[in-house]
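In what follows, a structure is listed as structure tokens, so that the remarks can point back to it.
Readers should treat all values here as calculations from the given coordinates under stated rules, not as data from a laboratory. This structure is a prediction, so every number in the text was calculated from the model and none was measured. Neighbour counts are summed over all protein chains in view; Cβ atoms, including those assigned to glycine, are modelled from backbone coordinates with ideal geometry.
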Amino acid sequence: MTMILGVPAAVLFGQLLLGLINGAFYAMLSLGLAVIFGMMNIVNFAHGAQYMLGAMTAWLLLTYLGIGYWWALLLVPLMVGASGLLLERFVLRRLYRLDHLYGMLLTFGLALVLQGLLTNAFGSSGQPYSIPAELMGGRNLGFMFLPNYRAWVIAASLLVCLTTWYVIERTRLGAYLRAATENPMLVQAFGIRVPRMIMLTYGAGVGLAALAGVLAAPVYQVGPTMGADLIIVVFAVVVIGGMGSIMGSIVTGFLVGLIEGLTKAFYPELSSTVVFVVMAVVLMVRPAGLFGSKPEQAQNHRQVLDGASTSPRTQTIQFLVMAALFAAAPLVVYPGFMMKAMLFALFACAFNLIAGYGKLVSFGHAMFLGTAGYVSGHAAKSWGLTPELAVLAGTAAAALLGLASGWLAIRRSGIYFAMVTLAFAQMIYFVALQAPFTGGEDGLQAIPRGHLFGLIDLSRPANLYGFVLAIFLGGFYLIMRVVGSPFGLVLRGISDHETRAQSLGLETERFKLVAFTLSAALSGLAGATKAITSQIATLVDVHWSMSGEVLLMTFLGGVGTLFGPVVGAFVVVAMQNYLAALGQWVIVLHGTIFVLCVLIFRRGIVGEASLLLRRWSARPAAAAHPAAALTPHRQPAGH
Amino acid sequence: MTERPAENLAVRTLEAWYGESKVLHGMTFDVRAGEVVTLLGRNGAGKTTTLKAIMGLIERREGSIRLDGAELVAVPPYGVARRGIAFCPEERGIFSSLSVRENLLLPPVVAEGGMGVDRILDLFPNLRERLDSPGTKLSGGEQQMLALGRILRTGARVLLLDEPTEGLAPVIIRQIGRTIETLKTLGFTILLVEQNVAFASGIADRHYVVELGRVVDEIPGPELETRLDALKGYLGL
């Protein structure tokens, strides 16, 4: 048998073929993302779910209506694309004047809803979808066996990609699209119905994802979760390639697939993380991406939020009230719930430090929570460290991870920052899945609680509660002081208008990195304490859905408000605890809350409440100026 | 082309807002068919906003904009364009991802009687040899010619030109001036925003002076020279 660099040739070519297949799907999906982003400035997080919907619809058509592959190839993109048209018309259209992150959050929520609904209906396990009879079998190429269906997938996806490229770069319609990407208002002023064109573009992009789904159905298992992991890799592809160029998306997609295939042949352990490693390298040497022309402009004038500022004295009083309430809570509330909620609240507050005050919305904060959990669990269990040292070790690990990932991630901002952090977190997830000390799928079990400072027995409930309470209050107080400090002011200044802050002589990158590292460390503090308290550390805490949960807590409670994340964390944890019996419906509920938060509730519970309070207390003044009372308070819009 | 029906743009008590701030406070003026009319005024007086408000490129506008009696104030931008009004923005709006040719061919034809591409290239010979270069590789003057040229293809008869001479060399300004005169003889109706009084005085039939979002004076073209002192007062020169 021929060997190439120590690998049998057949294995190498087989893996390259597999890489090419994966690359075909990366290319088709990142192409759709690029087209949608270009027109709408929305990072369509639902793209993975819509790909999944395509595959599921094909499977449903076959299973329940007996409609086969070839018809599905035609019908499914039309059906799913039509759902995209409705989505654009009635939901996404409301977001165009908001920060791009809102689009990402909303479509993330939609992806959760879709995935949850389909899991409810059909279970989470994959279903087989057989290869159409015409494409059964394969041919021997001499050096390898080429299954016909795989050849077809590669040919079809190339055709789809190149057709899309041709339409956009070489036709009159494409010229309209490119022009509208640059200056939609002017294109409108030339007599082109841009809103309708945007709707059709989104529909086409979604249809493309669905087409990829149908093509994928006979290759992968068809199931509700098939899109979620894929979309994260596609985000990494998008960061590597840069979203500016259509051909760039196609080339990068196939390239990344091939790199994965090569890695699988020569060094399989790295195959699931190699994409993210490539992304990190690209961020280091060419932050705008391989085909990106320039880094995205900072969106200086689109505000994500405007937090109400209260005086330090009021804050201190509010803090003391909260401390007293939480100290007394075990008398009426189940202490286990309180501890869990407090630790998630700390996690959310740490997230809010960077997302709310620094406006760097990370989609990967679970990596800090989870890593710290593993490290402190391992330290307590295998090294026999006392709990405070174990927690310290976990926190330090998270801080280091924050420093390293932050150093790379802050080279991008806005949606790219979100995608980069998400990709890094996925890399950490795969590491946690494979590393020897994490226990893989089982996680770390029976982590000893031990004696605090060697003295205080944490297995006694009251001691444990005091320990968690002290850590939560300490962490919260620190965040409160940081936000109110000159450092916090600079951070807010940077998030308002980075270039202006730079022109004042501030090294903004450094401030962002410090804030990110601090946020990572405090998330780690929560994760480490959680591992000691709950005595387990599992993959749940490093999974992307945990990053989604902390986003949910923060946005639901009120991003950029001091107490919002606490309120949000309590609500979300309560939902998990008391609605656990609903299973996947909780995911649907989470997704729905995301959508509602973005559409009608952007200030969150605390933000909306304090706004109501301010309006109420300003009522007499408003009555004196009836005109002012009649003018609705508008969200600041970007000009 | 001269036998085409006459257009008449009538703007009445036009008000417009950027967010919460009101920028136009009741603009009222007319542009009669075949006329070249300028809006003169200081920076921030509302001249550009007036053009944008006519096109519908502004968040909120009230009042009345009639083209040959048809009300446009509630019509979306693409509808305004399709009724035969074309807009050449101050920043020129050349698309960098499109070639010169694509830029030229971009605006859809809204009525018969537009100029052919050859005719446009005769007006602006510089563009002919640059047809395949990217739009933003052109010089400022060439970009202005492209921005002007591409709206001549569409068949629109009313042209809104926002400071076509801004930042250009005198020789180019003269060329633009000759072009506008040519367009006038072809029967186009032109509403021109200008800061360059010398340029405006040479080609316009009438001038409206805009201050704080309303028209404060109307000066017939021939009188501009004699009323230069009053105008300098308005413009703060």
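At a glance:
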item	result
Computed E for A:TYR267/A:ALA574 - FRET, C-beta separation, R0 45 angstrom, nearest 0.05	0.50
Beta bridges per DSSP with both ends in the protein assembly as shown, % antiparallel, nearest 5	65
Normalised contact order of chain A, rounded percent, pairs of Cα under 8 Å and 6 or more residues apart	20
Tail beyond 27 Å, pair distance distribution of chain B (Cα, percent)	32
Cα centroid of the range A:103-142 to Cα centroid of the range A:143-203, whole Å	23
Residue-averaged 222 nm ellipticity for chain B, from DSSP H runs of 4+ at -39500 (n - 2.57), nearest 500	-8500 deg cm²/dmol
Protection proxy ranking of A:363-374, A:331-342, B:191-202 - average other beta-carbon atoms within 10 Å, highest first	A:363-374, B:191-202, A:331-342
Cα-centre dipole for the protein assembly as shown with unit charges at Cβ (Lys and Arg positive, Asp and Glu negative), debye to 20	680
Dimensionless Rg over Rh [the range B:133-237; C-alpha; Kirkwood]	0.99
Dipole of the range B:7-232 [Lys/Arg +1, Asp/Glu -1 at C-beta], most positive-end residue of B:PRO222, B:LEU106, B:LEU123	B:LEU106
Convex hull of Cα atoms in the range A:313-542, direction-averaged projection (nm²)	12.8
Spatial separation of Cα centroids for the range A:344-420 and the range A:47-94, in angstrom	38
Cα-only radius of gyration and Dmax that characterise the range A:1-94, units Å	18.4, 61
The range A:180-297: relative contact order in percent, alpha carbon pairs under 8 Å with at least 6 residues between	23
For the range A:102-119, Karplus couplings with θ = phi - 60° (6.51, -1.76, 1.60), whole Hz, Gly/Pro x	4, x, 5, 5, 5, 6, 4, x, 4, 4, 4, 4, 4, 5, x, 4, 6, 5
Three semi-axes of the equivalent ellipsoid, the range A:3-285, Cα gyration tensor, whole Å, largest first	31, 23, 18
Long-range amide H partners of B:ARG214 with built H, under 5 Å	B:HIS25
Distant-in-sequence amide H partners of B:ARG130 (H built 1.01 Å from N, under 5 Å)	none
Residue-wise HN-Hα coupling along the range B:156-164, computed from phi with Karplus coefficients 6.51, -1.76, 1.60 (Hz; x: Gly, Pro)	5, 10, 10, 10, 9, 10, 9, 6, x
Nonlocal amide H pairs with B:ARG206, under 5 Å, H built at 1.01 Å	B:VAL36, B:THR38, B:GLY221
Karplus-derived 3J(HN,Hα), 6.51/-1.76/1.60, for each residue of the range A:185-196, Hz, glycine and proline x	5, 5, 5, 4, 5, 8, x, 9, 7, 4, x, 5
FRET efficiency for B:TRP17 and B:GLU112, using Cβ-Cβ distance with R0 set to 45 Å, rounded to 0.05	0.80
Shape parameters for the range A:335-466, alpha-carbon atoms, Rg then Dmax in Å	16.1, 47
Percent RCO, i.e. relative contact order, over the range A:3-285, from Cα pairs under 8 Å lying at least 6 residues apart	41
Ranked by how many other beta carbons lie within 10 Å on average, peptides A:179-187, A:123-131, A:38-46 from highest	A:38-46, A:179-187, A:123-131
Ordering of B:13-22, A:509-518 by packing [mean C-beta count within 10 Å, highest first]	A:509-518, B:13-22
Cross-link table A:LYS340/A:LYS512; B:LYS47/B:LYS137; A:LYS340/A:LYS530; A:LYS359/A:LYS512, entries beyond 19 Å C-alpha to C-alpha	A:LYS340/A:LYS512; B:LYS47/B:LYS137
Gyration tensor verdict on the range A:220-261 (Cα atoms; rounded if a/c is under 1.5, prolate if a/b is larger than b/c, oblate otherwise)	prolate
Globularity index of the protein assembly as shown, i.e. its alpha-carbon radius of gyration over 2.2 N^0.38 Å	1.08
Efficiency of FRET from Cβ geometry, A:TRP407 and A:TRP383, R₀ 22 Å, rounded to 0.05	0.20
Size of electric dipole in the range B:7-232: Cβ of Lys, Arg +1 and of Asp, Glu -1, about Cα centre, debye, nearest 20	320
Other protein chain Cβ atoms within 10 Å, averaged over every residue that makes up A:175-186	6
